[in-house]
Amino acid sequence: MISINSVTFSYPKQLPIFNGLDFCVKRGQLLGLLGANGAGKTTLISLISGLISPLKGSVKINNKGYKNNRMAILQDLSVVPQEYAFYSQLTAYENLNFFSRFYPAIENPRKAIAKAIELTGLGAYQHHQAITYSGGLKRRLNLAIGLLNKPTLLMLDEPTVGIDPYSRSFILQTIKSLNEQGTTILYTSHYMDEIQKLCDHITIMDKGKLIASGSLDELLQSASIIRVHTIEDINFKTLNQPAHDFIYKHGLILKGNTISGSITSQNDITQLLQLLSDNNIEIEGIQYGRKTLESLFFDLTQAKPTN
């Protein structure tokens, strides 16, 4: 569905945001895109939607490039931005009627408007001015506009920021339903729980690079953690060479009476415990399990959670 190959892009008088970026989204996927502010998420969406063009490399949607197929591509995708993208003095219906005119491929605009209103639960508010809407209703109107053309590719840039729990749940359920009906969705959010609930594939960006990609299980399986508590503090200098080699190989951290880090293999766990025994180190307790998506994100991006 989306194929980005060796893309380089920079804004005027700035260092490149992307330098040889490769990125793809398969047809029917619901892909969650995670990254701190400035990671390149919005720029990536702008490239995919044709708002900006790469300096090098190619961007293709359904194997078509923008140079010769721009109108056809744009008729078949939608972007729901983080900012409100409608006229606040108009009603929901008037906004939808206005934006439907940008899609000449819509055969029956009235039917398309009615369907968008139905999907986003705006029926009772469709003739009210958007300026009177709550934050949740404004987000729904943003989404409704993005659904007018029944896109096969829908991109959403933090569509649930600053809204009440009910509207948030409603929007997430709508997005999940659209994906189940075949719509390919690229979804960005800072809410880890949304990504975990919604997405069948997750990609993490940092400073213009893709640093991790896979299903939630795949990402977290590769991020298993172990923490071994010993009776006495561990003196690294007195450990034998096999223990030194193992610690360096796995990037384990020694601190006081604790050794911790990421180990994915049961054989490696057994080997660690044997090495500790060989060095006459008595074990008090062991903790083993998977990281959360949030802790994995912070580890990979070296970002710090806010208090």
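Name the residues whose placed amide hydrogens come within less than 5 Å of the amide hydrogen of ASP206, ignoring near sequence neighbours (fewer than 5 apart) on the same chain.
ILE211
Could you pull out every residue, at least 5 positions away or on a different chain, whose amide H is within less than 5 Å of the one on ILE163? Hs are placed 1.01 Å off N in the peptide plane, and Pro or chain starts have none.
none
In whole Hz and in residue order, list the ³J(HN,Hα) couplings for segment 14-25 that follow from phi through the Karplus curve 6.51 cos²θ - 1.76 cosθ + 1.60, θ = phi - 60°; x for Gly and Pro.
Taking θ as phi minus 60°, the curve returns 10, 5, x, 7, 10, 9, x, 6, 10, 7, 8, 10 Hz for segment 14-25.
Which three extents, in whole angstrom, do the alpha-carbon atoms of the chain cover along their principal axes, largest first?
78, 43, 36 Å, listed from the longest principal axis down.
Longest span of the chain, sites excluded, free of trypsin sites (Lys or Arg not before Pro) in DSSP loop with at most 10 other C-beta atoms within 10 Å?
Details: sites that count: LYS13, ARG101.
The reported range is 102-307.
At q = 0.19, 0.20, 0.30 Å⁻¹, work out log10 I(q)/I(0) for segment 155-217 with the Debye formula, treating every Cα as an identical point scatterer and leaving solvent out; two decimals please.
-0.77, -0.84, -1.47
In whole Å, what is the distance between the alpha-carbon centres of segment 1-25 and segment 75-148?
For segment 1-25 versus segment 75-148, the Cα centre distance is 31 Å.
Given R₀ = 45 Å, what would the calculated FRET efficiency be for ASP164 paired with GLN241, taking r from the Cβ atoms and rounding to 0.05? Kindly include the intermediate steps, with their values, before the conclusion.
Working: r = 60 Å, r/R0 = 1.33.
Using R0 = 45 Å, I get an efficiency of 0.15.
Over its Cα atoms, what ratio of radius of gyration to 2.2 N^0.38 Å does segment 162-299 give? Present the calculation step by step, with values, prior to reporting the outcome.
Details: Rg = 20.4 Å, N = 138, 2.2 N^0.38 = 14.3 Å.
The reported ratio for this selection is 1.42.
Return the calculated 222 nm mean residue ellipticity for the chain, to the nearest 500 deg cm²/dmol, obtained by summing -39500 (n - 2.57) across DSSP H runs with n ≥ 4 and dividing by the residue count.
Details: 11 runs with 111 residues, N = 307.
So the calculated ellipticity at 222 nm is -10500 deg cm²/dmol.
When the Debye formula is applied to the Cα atoms of segment 136-177, each taken as the same point scatterer, what base-10 log of I(q)/I(0) results at q = 0.18, 0.25 Å⁻¹?
-0.47, -0.89
Report D for segment 116-155 in µm² per second (integer): Stokes-Einstein, Kirkwood Rh on Cα pairs, 25 °C, 0.890 mPa s.
Details: Rh = 10.5 Å.
Approximately 233 µm²/s, per Stokes-Einstein.
Quickly work out the SER134-to-LEU55 label distance, labels modelled 7 Å from Cα along the C-beta direction, and quote it in nm with one decimal.
Here the answer is 4.6 nm between the modelled labels.
How large, in percent, is the carbon and sulfur part of the accessible surface of the chain at a probe radius of 1.4 Å? Display every interim value, and only then the final one.
Numbers: 8240 of 16500 Å².
C and S atoms contribute 50 percent here.
Using alpha carbons only, what's the Rg to Rh ratio of segment 209-289 with Rh from Kirkwood?
Expressed as Rg/Rh, it is 1.02.
Using only the Cα atoms, work out Rg/Rh for segment 1-156, with Rh taken as the Kirkwood radius, to two decimals. Let's see the in-between values first.
Working: Rg = 17.0 Å, Rh = 16.9 Å.
The Rg/Rh ratio comes out at 1.01.
Length gain on complete extension for the stretch GLU118 to ASP22, per 0.36 nm per residue less the alpha carbon to alpha carbon distance?
On the way: separation 96, 0.36 × 96 = 34.56 nm, distance 3.72 nm.
Fully extending the segment from GLU118 to ASP22 adds 30.8 nm.
When only C-alpha pairs under 8 Å and at least 6 residues apart count, what is the relative contact order of the chain, in percent?
The normalised contact order for the chain reaches 19 percent.
Give me the accessible area per residue for the chain, probe 1.4 Å, as a whole number in Å².
Numbers: 16500 Å² over 307 residues.
Using a 1.4 Å probe on heavy atoms only, each residue of the chain averages 54 Å².
At a Förster distance of 41 Å, what's the computed FRET efficiency of TYR84 paired with SER215, Cβ-Cβ distance as r, to 0.05?
E between TYR84 and SER215, to the nearest 0.05, is 0.80.
The values are calculated or read from the model by the stated rules, or taken from the named source; none is laboratory data. What you see is a predicted model, and the numbers here were worked out from it, not measured in a lab. Every residue, glycine as well, gets a Cβ built from its backbone with ideal geometry; the counts of neighbours run over all protein chains shown. When the accessible area is computed, the model is the full protein with side chains, heavy atoms only, and any ligands, DNA or RNA have been set aside. Shrake-Rupley method; radii C 1.70, N 1.55, O 1.52, S 1.80 Å.
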